[in-house]
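**Q** Could you have a look at this structure, given as structure tokens, before my questions?
The values are calculated or read from the model by the stated rules, or taken from the named source; none is laboratory data. As the structure is a prediction and not an experimental result, all values here were calculated from the model. Every residue, glycine among them, receives a Cβ derived from its backbone with ideal geometry; neighbour counts consider all protein chains shown. Surface accessibility is based on the protein's heavy atoms, side chains included, excluding ligands, DNA and RNA. Shrake-Rupley method; radii C 1.70, N 1.55, O 1.52, S 1.80 Å.
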Amino acid sequence: MTIGWRFDNTYSKLPNTFKEEVKPTPVNKPEIAIINYDLAKKLNLDFSKINSKDLAQIFSGNLLPDETKTIAQAYAGHQFGHFTMLGDGRAVLLGEHLVNKNDRFDIQFKGSGKTSFSRRGDGRAALGPMLREYMISEAIHALNIPTTRSLAVVKTGEEIVREELLQGAILTRVASSHIRVGTFQYIAAKQNIKDLKILVDYTIDRHYPEIKSSDNKILDLLNLVMDKQCQLVVNWMSVGFIHGVMNTDNMAISGETIDYGPCAFMDQYDPKTVFSSIDQFGRYSFENQPRITKWNLARFAECIVNLIDSDEDKAIKVVTETINNFEKIYENKWLNMMRNKLGLFGEDKNDKKLILDLLDWMKNNKADYTNTFCYLMKTNNTEDQIFEDKNFKKWQECWYKRLKINNTPEEKYFDLMRSINPNVIPRNHKVEEALKAANENNFEPFHNLLKVLKSPYNSNADLSEYQKPAPFTDEKYQTFCGT
Ligand code: AMP
Ligand code: MG
């Protein structure tokens, strides 16, 4: 029964410190909840000769492809600032599927049973959170933001115990790799320099082959990872995405968004927005995300600093200087991103003020972040009185003046804006509505929402149902860790 897997398992050949060999725990009565046929096609997988029962056997881990050597990966992490040795406690890596010689993807089951890293956990995942990861990761992908993706969710036919009994599920995650900042922290904590060098070389081979023969490859690696993660957080800020648990174990070295737990998109613009119920002090709030990215990068730098120069003081100095470039790189990328959101070509000395004035207005008037840009680029179908505000009109005058500086034709700046400002985001109330129905075995709202989220930059369809913010309530929207 072949669906076209071509596994080549380089990670499982790394020394034992890096992983534990473990098989997924078979499940009772697997049943497909959703399959991502678009992604399957991109991976050269063919499900046409297989029935849904067998597909469920495959994506539950009950039926493992011959050429896999399943492992749980070891990693550590600063969780809300506290260092812990972790590892895949409820996931197994099947291996790397080769789409062609240069396109290698990790295929991982999440929710597949206990491993030696499970600590007190049951190794399982619930249907709601796995469908949530599926939905949001596919939405982030469609927004052109680097991310792991979701190939399938299978219901296990077993109940799992949380605060209540929930349906168990397994997600198949596809990633360019699962190497995290926390992977480096784990290996560095073991204080075996040979293993650390192996991890560095493996990472460079896999993600940054262009620096393979550089004389300065450790510093180059730090700079490249910094650039990738900085770009990632700028992308999140662009669409109002709040990751929610930016622990170092949830930051991929590839620069992909990974581990969708209590993440959500901001509706009303408030830089202090936090959705996660476990984030009591706002460590991972919207506005803190860049600062935390830098903090995480500093933890990454600590792991590799000793490889940079045998002279420790010199190594620390150069690494510190490098990390301290973060603000400058971020500010530059962020300004350019915001210029694009406003259709501004070229640079003007007042751009930053213009941008901050708009954000201030949004904050003070509780304006919807996504819909404000839709209003400016004229793609929102919902009329909103808020834009009649005289301060907004005043700001708009300044914006028009700035647009005219370069004599840019209207179509050109609208094109730019429409290529970066989404018309739809996964609004919290729509996501909850879809998940609730799916839990009751009605997948129609889930598929409808997913379909809309797959073309966020398309403004031709009637999207008003998906553009409206949630009806007003006093209750704060909260998301819970996907455990
Ligand atoms: P996360 O919050 O999903 O990033 O997970 C943090 C750590 O807890 C990782 O090492 C996970 O593997 C582990 N973990 C989360 N949920 C479970 C579970 N139900 N059983 C075992 N380990 C878990
Ligand atoms: Mg995690």
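**Q** Of these, 261, 282, 244, 240, which one is within 14 Å of ligand 1 (Cβ to nearest atom) and surrounded by fewer than 22 Cβ atoms within 10 Å (Cβ to Cβ)? Walk me through how you get there before you give the answer.
**A** On the way: 282 fails: within 14 Å of ligand 1 (Cβ to nearest atom); 244 fails: surrounded by fewer than 22 Cβ atoms within 10 Å (Cβ to Cβ); 240 fails: within 14 Å of ligand 1 (Cβ to nearest atom).
Going through 261, 282, 244, 240 in turn, just one is within 14 Å of ligand 1 (Cβ to nearest atom) and surrounded by fewer than 22 Cβ atoms within 10 Å (Cβ to Cβ): 261.
**Q** I need a count of the residues in the range 247-258 that are away from ligand 2 (no atom under 11 Å from the Cβ) and open to solvent by 10 Å² or more (accessible area, probe 1.4 Å).
**A** Of the residues in the range 247-258, 2 are away from ligand 2 (no atom under 11 Å from the Cβ) and open to solvent by 10 Å² or more (accessible area, probe 1.4 Å).
**Q** Same structure again: For the structure I just gave you, tell me whether residue 276 is within 17 Å of the chain's Cα centre (by Cα), within 16 Å of ligand 2 (Cβ to nearest atom) and either of a type in the set (Ser, Thr, Tyr) or at pLDDT below 95 (or both).
**A** On the way: within 17 Å of the chain's Cα centre (by Cα): yes; within 16 Å of ligand 2 (Cβ to nearest atom): yes; either of a type in the set (Ser, Thr, Tyr) or at pLDDT below 95 (or both): yes.
So residue 276 passes the test.
**Q** For the range 335-355, give me the residue count where each residue is surrounded by fewer than 19 Cβ atoms within 10 Å (Cβ to Cβ) and within 30 Å of residue 224 (Cβ to Cβ).
**A** 9
**Q** Would you check if there is a residue in the range 176-190 being charged (D, E, K, R), within 29 Å of residue 123 (Cα to Cα), over 23 Å from the mean Cα position of the chain (by Cα) and within 16 Å of ligand 1 (Cβ to nearest atom)? Write out each step before concluding.
**A** Taking the range 176-190 as the starting set, the residues that turn out to be charged (D, E, K, R) are 180, 190.
Next, only the ones that are within 29 Å of residue 123 (Cα to Cα) stay: 180, 190.
Now restrict to residues that are over 23 Å from the mean Cα position of the chain (by Cα): 190.
With within 16 Å of ligand 1 (Cβ to nearest atom) added as a condition, the list becomes none.
No, every residue in the range 176-190 fails to be charged (D, E, K, R), within 29 Å of residue 123 (Cα to Cα), over 23 Å from the mean Cα position of the chain (by Cα) and within 16 Å of ligand 1 (Cβ to nearest atom).
**Q** Can you tell me which of 180, 162 is farther than 30 Å from residue 339 by Cα, charged (D, E, K, R) and open to solvent by less than 10 Å² (accessible area, probe 1.4 Å)?
**A** Details: 162 fails: open to solvent by less than 10 Å² (accessible area, probe 1.4 Å).
The match here is 180.
**Q** Further question on the same structure: Could you tell me which residue of the range 446-483 is nearest to ligand 1 (Cβ to nearest atom), considering only residues that are modelled with pLDDT of 95 or more and open to solvent by 80 Å² or more (accessible area, probe 1.4 Å)?
**A** 447
**Q** How many of the residues making up the range 53-102 are at pLDDT 95 or above and of a type in the set (Asp, Glu)?
**A** 3
**Q** Moving on to the next point. Would you tally the residues in the range 57-115 being in contact with a strand residue (DSSP E or B) (Cβ under 7 Å, 6 or more places away or on another chain) and among the charged types (D, E, K, R)?
**A** Looking only at that region, the number is 8.
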